[in-house]
Amino acid sequence: MFTSIRSRRGGSRPLFALAALAWPVLAAANTSVHLAYHWHLHQPIYWPEVNPFAPQNNRYQFAADSIALKLANNGNFYPGSPHKHPRNALVSGDGGEYDAVFDKADRVNVYQWGGRDSINTILHHPDGGASVSYSGALQENVWSLGNAGIYGYGGSWNGGYTQARGSSPTWRTSGGHPRADLVGMTYHHAFSPLLPKSVLRKEIQIFKEIWWKSWGGNPDKSDHSKGFWPIEAAFSRHMIPVLVEEGYQWSIIANSHLARTCTNYLEAAQRGTSGWNIDPPNRADQLGPFVPTNQWWKGQIDGRGGAFPAPFAYQAHRAKYVNPSNGVESVITVVPMCDLLSYQNGYSPMGTTEIDGKIAPWNNPARPSIVLMAHDGDNAWGGGSSYYQESVKNLFNAAAGKGYRPTTIQQFLANHPVPTDAIVHVEDGAWVNAENDWGHPQFINWLWPPARSPSSPGFNPSDPRTRFDLETPGWTEDWRNWAVLIAGANYCETAEQITVSTGGVVNVWKIQEPVSRSGVNHNPNAAERAWHYYLGGLDSGFMYYGTALDDEVKQTLAVNRAISFATNAIGNGALDQTAPTVFKPQRFPWNPGGKGWGPLTGYQPVGFDGKPPYSCHFHIWTHVFDVSGVTNVTLYVRADADGVNPLADNANETYTGGPGVGPWVAIPMNQRPVPTGNVNSDPNVNFFLTPAAIADYYWARVTGYTNVLLDYYISATDSKGNTHRSDIQHVWVDSGEGADTGGGGGATNACNGRVCIDPAPAVQGVPVTIRYSPAGGPLAGAGQVKIHLGWNNWSTVVNPDANLTFNAASNRWEITVNVPATATQLDCVFNNGSGTWDNNGGADWHFAVITNTNPQPPAVPGGLVATPVSSNQINLSWSAAAYATGYRVQRGGTPIGTTSGTTYSDTGLAAATPYCYSVVATNGLGSSAASATVCTNTLSGPPTNYPPFLVDGTLDFTGYRVSSHGMGLFAALRGTKLYVATQSPGSSGPNDHFLFVTDALLPAASVNAPWAKAGQVAVSLTKPYMATESQNTYVVWNNAGAGAQVAKSSGTNGVFEGVIDLVAAFGVVPEVIYVAAAAYATADGGALVSQSPAGSGPSLDPGEFFAIPTAALRDHNADGLFDRLDPALEFRIESFVVGASNRLTWAAMPGRGYQVEAAPSPAGAWSGVGGPTNAGPLQMELGVTPPFTLSPTQQFFRVRLLP
């Protein structure tokens, strides 16, 4: 798995005192460029399975445990896999694959004393040292090897770093800080930006536990490092509150994610490996300064590179997170690592050339630059002795010789505190090192979006916009494994909550160390054990390497072990007060209505080089899980008024909002189960372990917005009413119109040097905003700027010159003008009104103008009709408006939703209440006036509009199964809508499939089967039935009435499903419904070859239909559980009368069994009362007469549904 490393020296060395060399001491107040190192050391828990070796058998396996099992061929074997696990070669000769991990001489060295020995070579620099991230998993692995005294590791494995951490003044900087600053990180190398906050917090808390034990720290953690290393340099502002709560004052970030926030990034950086080799930044993230182009530098090594502004990308700043519920800010210092130079430093010797020419000239003595070299310290050349013993000191010495200051991060911040007002925005993303991620703000190497199969009809290899399927959806193993981890997180969170709420304690130290290093069993409770195993499966490498070896099942292994313990704490879930666990909301594409490039597009252009941009319509998706079931997931979206989310104003960051932001619009999210199998039949994937639980996938399509900044978040509620709201995120939705050519000179680009336009290209008849930066030109520092504007190569000139307005947020002068309907080119130069001109060095500025294919704003919608259809729903319809591409629906003048059609259903209303509506038409040019307002009242009575079933060839819920015989049969009811499903025949199979629904059966099978098939059926063919042919996509409902829906999957792994309105089909909702599925050979006269719920041909007889009271099929809350089986709905004790009868009754589900149990108190021991009681096929109520005595004076009874 890991890259092999090269060394010039190796071998064991004992702990000893080291002497410092003499070197000139520099002044402590040095304000020149500073230089620092960060070394990252890690190996995962390669197999988070229960350790079988006593007395350490109450934890997962460390390296020595897994090695022993592999060498002895005595464990970690599983049905469905021929391998011994982990498949990685942990050491030479263990039968594993890839390069051996732990017995490499360079790693044996650096994991024990190598870092200390390297720092010894730079002690002559007063502040010389390094920050080191040494993962908790690696500490466990190396301890296990050292404890066993094998492969070059010893019992004093931790002595070197303990000494370098500041055991004496020699090992401290001039300010008394550790030379080796062992900073915080996630214990198991978990991928911080995508973790639920509860999981990130646990990872950090257990890391602090092992930290003090390994490095001789204080048990109260008072001497724990103030710095944090986000693994892979992967950072998000949403991590900040957890980091601050856990005592961290600063975090390393990748400086590319400062560069990409600059307002002129796309002017200074070009597409490619030395600029942006991924999607360009979204405008919502470009809250940084304008940095003159002559202060940028760019480069690449091995395809890893970028463009970086000095000094901005080399200064420490502050970043903030705003709690969306209360507006409270959490602030942390962010220290940028040099993305490009760090990679070089880890692979070859280097000098100070780039610092001298690219960074030092722009150093600000008031806020000095820091060039931080951060990289793996145990991989490639940067993990070898040549690096640690030669390169480290040589670069520091060369830097000092140039007057730069070698330092540690902590000492640098102590000498140069970051001003409290130096707040910046940091774009999400990791370092550029990761191949085919390149620092993408969505961490795509650890979360590839659901990909569309190349064999799908929707896939067009020449159109990169078709590579992903967010609705069906597509599939990738990382997308699937995050769903497994989200389910595991909810089990652990719920187990902890119930443990604490019932008087228990969940100790972090027991999660980290269920059994001590000396073999003392700490007897962790079920919640603590669940967390222990779950966290062991979070290593980011398992996602990064994806299908390599057995990485694709390690998450499942950890989650399954965790769930086996968590369920003991959760019990029946009655005490569940934990909200659903929601995966960090994701969107696609990154730039709606705009440009795309890089791995996600297959390095094909989107929105430039003459290619069309992404649609303005985009998707938001997530995974959601709750042990008690999820009942509602909703996306909330709101529009910003001015297109800017300024750092000084938090209105966009809170749920309540404020001036400049609109109201939230609710968009219900669509649910899909996540397949647990190898959907794409990837030969590199072997899911020989099946997850015990997996989250569902939810998606929503956002439409109707252009040229606007949106805020959004997701809310999810479980069956007990517990609700989780995600953090707020932001996206700029571009125009989605045209495509620039990407040609030179900037004539059709958004920016041409110091001038940018929006939209780009400009559109005939559409207002265009022109933004001008005078920096570096004749008007630099001007107090007033005017524009000299013309069209069509100056054939028309606007007179007089108009004043521009200075925008402090973008640091540019701006003006918005109307583009003439005849324009083909925009021309401009600038002056200060006093005779000083900026004409781009005589070239002027020119931008292309494209034809407007829809040159008019939309007309006002007419014919609005509001129709109440229930006590909580009103349906709206209106006539299409000319030139409209979408509509905004308003209730009482406030927007409540958008649609591209001419109908809308407003739900969740109060009964018998008046509501008034209007509709606004929209297109890329703007909005119409509101339509005439119409008002109506909702009906009185109970609600009748229930969530719709999804009819798309994917089974809605497995809980709807009513028969497993033959083809299988599923049914459910919401209101008057009946859902039925059976196995799909696909579109190339041997059998046609039928599904019959009726309110009455014939006495015998006396009617010829439909479609000239063989045999008879016991149902009139005037009753509803749906049918599909096996050799094509044809599907049909017959006799189903209005509103029927039907669909099937293209393969046999999906379903043939449909929905009918029982009232439309039968006139009323029948008291009893009869359903059967049948498969006949395709040819005319084809025989009945399979059926459900019973039978084996040759005819479909009366006894071979599933008969059930229709009310028993209700699932009105759409949670996949029949209401009759839900204790929160209909599965309740109906009566309990003490006296002569002592009768206990409850609502039953036909065909199911129940057990009555009694106890002296709710917390007491429950025991069965009599034997099980079974409901007959049509029986909707059951009852028993339990015994009742006067001693004890009270008894408690409950009814348990049997499996």
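Structure data summary
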item: Where S455 falls short, out of the listed (1) of a type outside the set (F, W, Y); (2) surrounded by fewer than 24 Cβ atoms within 10 Å (Cβ to Cβ); (3) within 20 Å of the chain's Cα centre (by Cα); result: (3)
item: Within region 277-356, strands (runs of 3 or more DSSP E) holding 2 or more residues that are crowded, with 19+ Cβ neighbours inside 10 Å, of a type outside the set (A, V, I, L, M) and at pLDDT below 95; result: 304-309
item: Filtered residues of region 984-1009 (kept if closer than 14 Å to G1086 by Cα and touching a residue at least 24 places away in the same chain (Cβ under 8 Å)); result: G989, P990, N991, D992, H993, F994, A1009
item: Which numbered condition I620 misses (of (1) out of contact with any Ser or Thr (no Cβ under 9 Å at 6 or more places or on another chain); (2) of a type outside the set (D, E); (3) over 30 Å from F957 (Cβ atoms)); result: (3)
item: Condition broken by V1036, with the remaining ones in (1) part of a loop (DSSP other than H, G, I, E, B); (2) without any contact (Cβ under 8 Å) to a residue 24 or more places away in the chain satisfied; result: (1)
item: Residues of region 150-178 satisfying the condition of being modelled with pLDDT under 95 and of a type in the set (K, R); result: none
item: Looking only at region 925-967, and only at residues there that are touching a Leu at 6+ places or on another chain (Cβ under 6 Å) and buried (at least 19 other Cβ atoms within 10 Å of the Cβ), the one that is modelled with the lowest pLDDT; result: T938
item: Residue that is nearest to L287 (Cα to Cα) [pool: residues in region 771-802 that are within 47 Å of the chain's Cα centre (by Cα) and of a type in the set (A, V, I, L, M)]; result: A775
item: Elements of type helices (runs of 4 or more DSSP H) in region 85-168, at least 3 residues being closer than 17 Å to G384 by Cα and in contact with an Asp or Glu (Cβ under 9 Å, 6 or more places away or on another chain); result: 105-109
item: Output for region 999-1020, where each listed residue is buried (at least 23 other Cβ atoms within 10 Å of the Cβ) and either at positive phi or not in a loop (DSSP other than H, G, I, E, B) (or both); result: V1017
item: Checking N752 against (1) closer than 24 Å to P441 by Cβ; (2) modelled with pLDDT under 80, the condition it does not meet; result: (1)
item: Residues that are surrounded by fewer than 19 Cβ atoms within 10 Å (Cβ to Cβ) and of a type in the set (S, T, N, Q), drawn from region 763-809; result: Q764, T769, Q784, N792, N793, S795, T796, N799, N803, T805, N807
item: Where a residue in region 406-420 is under 15 Å from L35 (Cβ atoms) and its partner, wherever it lies, is of a type in the set (D, E), with Cβ under 7 Å and at least six apart; result: P406/D127; T407/D127; T408/D127; T408/D181; I409/D181; Q410/D181; Q411/D127
item: Residue in region 699-721 that is nearest to A579 (Cα to Cα), counting only those that are among the hydroxyl-bearing types (S, T, Y) and assigned to a loop (DSSP other than H, G, I, E, B); result: S719
item: Residue list for region 136-153, filter: buried (at least 20 other Cβ atoms within 10 Å of the Cβ) and farther than 11 Å from Y111 by Cβ; result: G136, A137, E140, S144
item: In region 464-482, the residues that are touching a residue at least 24 places away in the same chain (Cβ under 8 Å), over 23 Å from V559 (Cβ atoms) and assigned to a loop (DSSP other than H, G, I, E, B); result: R467, L470, E471, T472
item: Close pairs from region 291-316: first under 23 Å from P599 (Cβ atoms), partner of a type in the set (V, I, T) and surrounded by 23 or more Cβ atoms within 10 Å (Cβ to Cβ), Cβ under 7 Å, at least 6 apart; result: R304/V432; G305/V432; G306/V432
item: Looking only at region 463-498, and only at residues there that are surrounded by fewer than 24 Cβ atoms within 10 Å (Cβ to Cβ) and aliphatic (A, V, I, L, M), the one that is nearest to T578 (Cα to Cα); result: I498
item: Inter-residue pairs, beta-carbon under 8 Å, first under 28 Å from K221 (Cβ atoms) and in region 246-269, second in a helix (DSSP H, G or I) and among the basic types (K, R), 6+ apart; result: E246/R201; E246/K208
item: All positions within region 628-643 that are touching a helix residue (DSSP H, G or I) at 6+ places or on another chain (Cβ under 9 Å) and over 21 Å from K584 (Cα atoms); result: D640, G643
item: Whichever residue in region 423-439 is among the aliphatic types (A, V, I, L, M), more than 17 Å from Y265 (Cα to Cα) and assigned to a loop (DSSP other than H, G, I, E, B) and, among such residues, is nearest to the chain's Cα centre (by Cα); result: A430
item: Matching residues in region 840-853 - criterion: being in contact with a Gly (Cβ under 7 Å, 6 or more places away or on another chain) and at pLDDT below 85; result: I850, N852
item: Flag if D906 is in contact (Cβ under 8 Å) with a residue 60 or more places away in the chain and at negative phi; result: no
item: Residues located in region 803-845, provided they are under 44 Å from the mean Cα position of the chain (by Cα), in a strand (DSSP E or B) and among the β-branched types (V, I, T); result: T805, I815, T816, V817
item: Search result, residues across region 250-276 that are surrounded by fewer than 24 Cβ atoms within 10 Å (Cβ to Cβ), at pLDDT 95 or above and in a loop (DSSP other than H, G, I, E, B); result: T261
item: Complete set of residues in region 499-521 that are touching a residue at least 40 places away in the same chain (Cβ under 8 Å), crowded, with 16+ Cβ neighbours inside 10 Å and within 24 Å of Q139 (Cα to Cα); result: V508, W509, I511, Q512, E513, P514, V515
item: Yes/no for N523 being in a loop (DSSP other than H, G, I, E, B), under 30 Å from S274 (Cβ atoms) and at pLDDT 95 or above; result: no
item: Residue count for region 1066-1112, restricted to those that are surrounded by 24 or more Cβ atoms within 10 Å (Cβ to Cβ) and either of a type in the set (G, A, S) or free of Cβ contacts under 8 Å to residues at least 12 places away in the same chain (or both); result: 6
item: Members of region 173-203 found to be among the basic types (K, R) and either closer than 21 Å to Q61 by Cα or surrounded by fewer than 20 Cβ atoms within 10 Å (Cβ to Cβ) (or both), listed by number; result: K197, R201, K202
item: Residue match in region 968-982 (condition: more than 23 Å from V1068 (Cβ to Cβ), surrounded by fewer than 21 Cβ atoms within 10 Å (Cβ to Cβ) and at pLDDT 90 or above); result: yes
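The values are calculated or read from the model by the stated rules, or taken from the named source; none is laboratory data. Small disclaimer: the values here were computed from a predicted structure and weren't measured. Quick reminder, even Gly has a Cβ in these numbers, built from the backbone with ideal geometry, and neighbours come from all protein chains shown.
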